[in-house]
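The values are calculated or read from the model by the stated rules, or taken from the named source; none is laboratory data. Not measured: the values here are computed from a predicted model. Quick reminder, even Gly has a Cβ in these numbers, built from the backbone with ideal geometry, and neighbours come from all protein chains shown. Keep in mind that these areas ignore ligands, DNA and RNA; they rest on the heavy atoms of the full protein, side chains included. Shrake-Rupley method; radii C 1.70, N 1.55, O 1.52, S 1.80 Å.
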Protein chains: 2
Amino acid sequence: MKKIINQAQNVVPEMVQGFVRAHHEKIQQVPETFVLKQKEIAKQVALISGGGSGHEPAHAGFLGSGMLQAAVCGQVFTSPTPDQIFEGIKAVDQGQGVVMVVKNYSGDIMNFDMAKDLAEMEDIKVGTVVVDDDIAVEDSTYTQGRRGVAGTILVHKILGAAARKGATVEELVALGEKVVKNLKTIGVALTGATVPEVGKAGFVLADDEIEFGVGIHGEPGYKREKIKPSKEMAEELVSKLKDAFQWSKGEQFAILINGLGGTPLMEQYIFYNDALNLLNEEDIEVSFSKVGNYMTSLEMAGLSVTMLKIEDDWIKALNEEVDTVAW
Amino acid sequence: MKKIINQAQNVVPEMVQGFVRAHHEKIQQVPETFVLKQKEIAKQVALISGGGSGHEPAHAGFLGSGMLQAAVCGQVFTSPTPDQIFEGIKAVDQGQGVVMVVKNYSGDIMNFDMAKDLAEMEDIKVGTVVVDDDIAVEDSTYTQGRRGVAGTILVHKILGAAARKGATVEELVALGEKVVKNLKTIGVALTGATVPEVGKAGFVLADDEIEFGVGIHGEPGYKREKIKPSKEMAEELVSKLKDAFQWSKGEQFAILINGLGGTPLMEQYIFYNDALNLLNEEDIEVSFSKVGNYMTSLEMAGLSVTMLKIEDDWIKALNEEVDTVAW
């Protein structure tokens with residue numbers, strides 16, 4: 001394992017400390033927790049997200065007005081505990097309640113749910129939006145149903161815009177469910193990633209091998225193949241999205257090409273170009289594009305494609321200015 | 001070589017096409033060139049930069065009011081040709097002249113200089129700022145003197161702020177020279193990177209080996225060692241910066257931790273935390289921090305530390321809002 005770290009068991013506290021010190025003008029750490037929060041929060045329903053670490057810049061990179069108010073950082077690839085999530089809820093509730101955006105992993109679902117119970121006992125209103133955008137496989141290593149992956153960032157952005165405008169907990173939960181229903185992601189990995197405390201890669205691919213549908217914790221995908229040109233990878237992934245959406249000509253989508261950590265931007269833009277060619281052939285209208293590392297899996301090489309079928313004013317919400325570290 | 005590309009000789013045109021399509025609301029391609037420009041340029045001295053590709057998001061990610069007006073994309077790790085640079089100059093000159101920010105590599109120096117001559121024959125005023133911030137070695141593979149690396153981004157930002165406020169070509173060149181004099185960078189690599197057309201890594205490090213002072217094209221550094229904790233890597237690099245600056249207690253600096261492409265943000269923030277601890281021990285005041293992938297070397301794992309000794313209102317310039325893809 002070749003990483004720029006100190007002791008493997010300290011990577012999360014040291015990363016959190018580094019993050020807070022680098023961005024202290026907009027971010028605060030809730031004392032004695034691994035909860036990060038937006039420094040000055042307006043009177044609004046607060047959005048909170050989080051999960052295991054190792055997906056940076058998710059989620060703390062999206063703290064700021066118009067996106068998240070709190071991000072709870074678990075150990076690497078491990079759900080944060082209910083008490084940490086509860087501290088996050090208390091730290092950002094402005095009296096109007098909190099909405100939690102939770103990726104669909106059994107541990108996260110359970111712990112966020114327990115935190116919600118704790119908060120409700122203190123009369124804080126809490127809503128939950130579960131994101132399960134990964135169409136690769138069903139019932140994976142850590143998941144009942146579909147996994148939650150990079151599309152979560154688009155949920156943060158659209159709910160964040162609505163929360164800033166004054167939406168209630170109920171309205172945000174309804175909006176979140178509507179966004180998630182229209183949100184699908186699928187990825188391809190070129191290498192595995194190594195959790196520091198484990199010390200060896202979660203899975204290993206041969207020098208000429210790729211795997212379609214791998215999860216952001218290295219969960220198995222649906223197919224291993226020899227490395228192929230970007231165009232053919234795009235064909236594979238876009239065809240899966242087409243099957244899942246059953247889209248029609250002229251429909252409007254947002255697209256996010258998300259680097260998994262070890263794949264440079266050059267490759268991500270080449271892939272985006274290929275994916276867009278395929279979508280153009282399908283007469284799909286792409287009204288919003290984003291390319292970069294947003295929901296990573298440590299140093300895993302590979303990328304995912306997220307598509308969001310647009311309803312209402314979601315393009316406007318996606319384009320609204322925010323002052324986050326990473327959007 | 002495991003990359004998400006099509007034909008190796010097409011990576012730059014396909015990446016450029018992807019970039020323009022993803023960001024067409026703010027970026028334009030100058031027709032029949034690999035020059036990208038800010039879409040709508042105000043009446044000001046235009047800033048132009050560029051160089052070999054493979055350093056994304058540099059330089060096109062920094063196009064926008066308050067930073068660059070044009071970015072010229074050469075082949076991977078290869079200077080753009082004088083005619084391409086000349087097209088860039090013509091495309092962004094608003095009648096008030098152009099300032100070129102050039103990283104100190106022999107090929108770039110020669111080609112940007114020839115482009116300047118071509119422009120002056122058409123009565124376009126052109127100034128040049130050469131960035132040579134890498135303190136690792138002198139007279140490297142492609143360089144007379146010191147190499148230009150990640151600190152270039154801070155030059156773009158400070159000159160961009162001044163250009164937007166109406167500085168002249170002469171003022172910008174003088175400011176640029178002053179910034180460069182106060183700017184130093186040094187890095188460490190954990191892996192090599194593979195130029196697509198070459199097909200194998202420029203250099204190879206053993207599984208337990210790191211190299212200090214490697215250049216952003218894989219040029220040799222000054223020392224290979226066994227992998228060590230982040231703190232010790234920070235000690236090595238910060239001590240080199242201390243020697244180079246000969247700083248005194250209380251002096252004010254900006255710091256940029258720049259990921260080289262394959263190193264995740266988690267490690268960059270851990271390293272930043274260690275570096276900041278050392279600077280605090282030295283009573284150095286860090287007034288501006290930035291952490292992330294800004295000047296990469298394809299998929300190379302590793303990072304660099306840039307420090308800028310602050311004069312005048314440079315912190316204000318660094319903090320000014322810009323609407324770029326990547327700052």
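Here are some notes:
- Top-ranked residue of the stretch B:140-162 - restricted to ones that are of a type in the set (D, E, K, R) and within 25 Å of B:A189 (Cα to Cα), ranked as least open to solvent (accessible area, probe 1.4 Å): B:R147
- Residues in the stretch A:273-327 that are among the hydrophobic types (A, V, I, L, M, F, W, C), within 25 Å of A:A174 (Cα to Cα) and in contact with a strand residue (DSSP E or B) (Cβ under 9 Å, 6 or more places away or on another chain): A:V286, A:F288, A:M295, A:V305, A:M307, A:L308, A:I310, A:W314, A:I315, A:L318, A:W327.
- Odd one out for B:V214, checked against (1) under 20 Å from the mean Cα position of the chain (by Cα); (2) closer than 21 Å to A:G18 by Cβ: (2)
Condition check ((1) farther than 22 Å from A:G176 by Cα; (2) more than 13 Å from chain B (Cβ to nearest Cβ); (3) basic (K, R)) across all residues:
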site: A:K39; (1), (2), (3): yes, yes, yes
site: A:G50; (1), (2), (3): no, yes, no
site: A:A71; (1), (2), (3): no, yes, no
site: A:Q75; (1), (2), (3): yes, no, no
site: A:T78; (1), (2), (3): yes, yes, no
site: A:F86; (1), (2), (3): no, yes, no
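- Of A:I27, A:I109, A:I41, A:I48, all but one fail to be buried (at least 24 other Cβ atoms within 10 Å of the Cβ) and at pLDDT 95 or above; the exception is A:I48.
- Any hit, the stretch A:279-293, residues being in a loop (DSSP other than H, G, I, E, B) and within 13 Å of chain B (Cβ to nearest Cβ): yes
- Evaluation of A:A167 against (1) surrounded by 24 or more Cβ atoms within 10 Å (Cβ to Cβ); (2) more than 14 Å from chain B (Cβ to nearest Cβ) (one fails), failing number: (1)
- The stretch A:126-135, residues that are part of a loop (DSSP other than H, G, I, E, B) and either open to solvent by 20 Å² or more (accessible area, probe 1.4 Å) or touching a helix residue (DSSP H, G or I) at 6+ places or on another chain (Cβ under 6 Å) (or both): A:D132, A:I135
- In the set B:A234, B:A301, only one residue is within 11 Å of chain A (Cβ to nearest Cβ) and open to solvent by 10 Å² or more (accessible area, probe 1.4 Å); that residue is B:A301.
- For the stretch A:256-274, the set of residues classified as at the interface with chain B (Cβ under 9 Å from one of its Cβ atoms), touching a residue at least 24 places away in the same chain (Cβ under 8 Å) and of a type in the set (A, V, I, L, M, F, W, C) consists of A:I257, A:L265, A:I270, A:F271, listed by residue number.
- Residue in the stretch B:176-188 that is within 14 Å of chain A (Cβ to nearest Cβ), in a strand (DSSP E or B) and either more than 22 Å from B:E320 (Cα to Cα) or modelled with pLDDT of 95 or more (or both) present: yes
- Meets criteria (touching a Ser or Thr at 6+ places or on another chain (Cβ under 6 Å) and either not assigned by TED's automatic domain parsing to the domain that holds B:G54 or not hydrophobic (A, V, I, L, M, F, W, C) (or both)) for B:I257: no
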